[in-house]
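Novice: Pasting in a structure now, in structure tokens, and then I'll have a few things to ask.
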Amino acid sequence: MATRLLRWTALLLPILAAAASASPPEACRVLTAAEEIIGTYDTCAPLDRRLGDPVGVIEGDETTLAKSLNLLHLNKDDYIAVLFYASWCPFSQECKPNYEILASLFPTIRHFAFEESAIRPSIISRHGIHGFPTLFLLNSTMRVRYHGPRTVKSLAAFYSDVSGAQTVPCGLYFFLVVLLALLSK
């Protein structure tokens, strides 16, 4: 038991030291009344990602969908992944946990998930969704729909083929999963 604790300490100590020495992300500045009314592009938004922000799936509604697509057009080189799912659908129940794993494996791609009851049917059909789950990988110039198995391996291959992004190394991913599990206890 003591050997195990010593190994974990040796593994965690350098990572925790690096995280503690990293400078915290800057806070968003307070907007003036004019900026609040007119709106500016250089201000922080809830969906802005900064170094050190947690990686994961952003669940949302119609407003989040519109903001995510707007962010896509502002950052021409960035990809986003959008999953439309239904809580009652057994295929969605299989796909959604794998999608959450993909968010950890591909931290450079933002991941959004939209439950069908949170979005009006007219908006769902406007995006060409006729069944659940539907996964899109988008950037400012293209939208690619995923057709295939809902396994992590096949979804990761799709991400790599379309975006050219690489996964976080499996050893590091496993370490992060174990670390999160330990910290949550």
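Novice: Condition check: modelled with pLDDT of 90 or more, within 17 Å of the chain's Cα centre (by Cα) and among the hydroxyl-bearing types (S, T, Y). Does Y79 satisfy that? Break it down into steps so the answer makes sense when it comes.
Specialist: Working: modelled with pLDDT of 90 or more: no; within 17 Å of the chain's Cα centre (by Cα): yes; among the hydroxyl-bearing types (S, T, Y): yes.
Answer is no for this residue.
Novice: Find the helices (runs of 4 or more DSSP H) located wholly in segment 58-144 whose residues include 2 or more that are closer than 20 Å to S154 by Cα, and list them.
Specialist: Details: elements: 62-74, 90-105, 121-126.
Counting at least 2 such residues, we get 90-105.
Novice: If you go through segment 111-138, how many residues are touching a residue at least 60 places away in the same chain (Cβ under 8 Å) and closer than 21 Å to P149 by Cα?
Specialist: 1
Novice: Right, another one. So, in segment 121-154, exactly how many residues are out of contact with any strand residue (DSSP E or B) (no Cβ under 7 Å at 6 or more places or on another chain) and basic (K, R)?
Specialist: Number of matching residues: 3.
Novice: Please pick out the residue among A165, A156, A113 that is surrounded by 12 or more Cβ atoms within 10 Å (Cβ to Cβ), modelled with pLDDT under 90 and out of contact with any His (no Cβ under 6 Å at 6 or more places or on another chain).
Specialist: On the way: A156 fails: modelled with pLDDT under 90; A113 fails: modelled with pLDDT under 90.
Within the list A165, A156, A113, the selection yields A165.
Novice: For segment 76-120, give me the residue count where each residue is among the hydroxyl-bearing types (S, T, Y) and out of contact with any strand residue (DSSP E or B) (no Cβ under 8 Å at 6 or more places or on another chain).
Specialist: Filtering segment 76-120 for residues among the hydroxyl-bearing types (S, T, Y) gives 79, 85, 87, 92, 99, 104, 108, 117.
Remaining after also requiring out of contact with any strand residue (DSSP E or B) (no Cβ under 8 Å at 6 or more places or on another chain): 104, 108, 117.
Qualifying residue count for the region: 3.
The values are calculated or read from the model by the stated rules, or taken from the named source; none is laboratory data. Small disclaimer: the values here were computed from a predicted structure and weren't measured. Note that each Cβ is placed from the backbone with ideal geometry, even for glycine, and that neighbours are counted across all protein chains shown.
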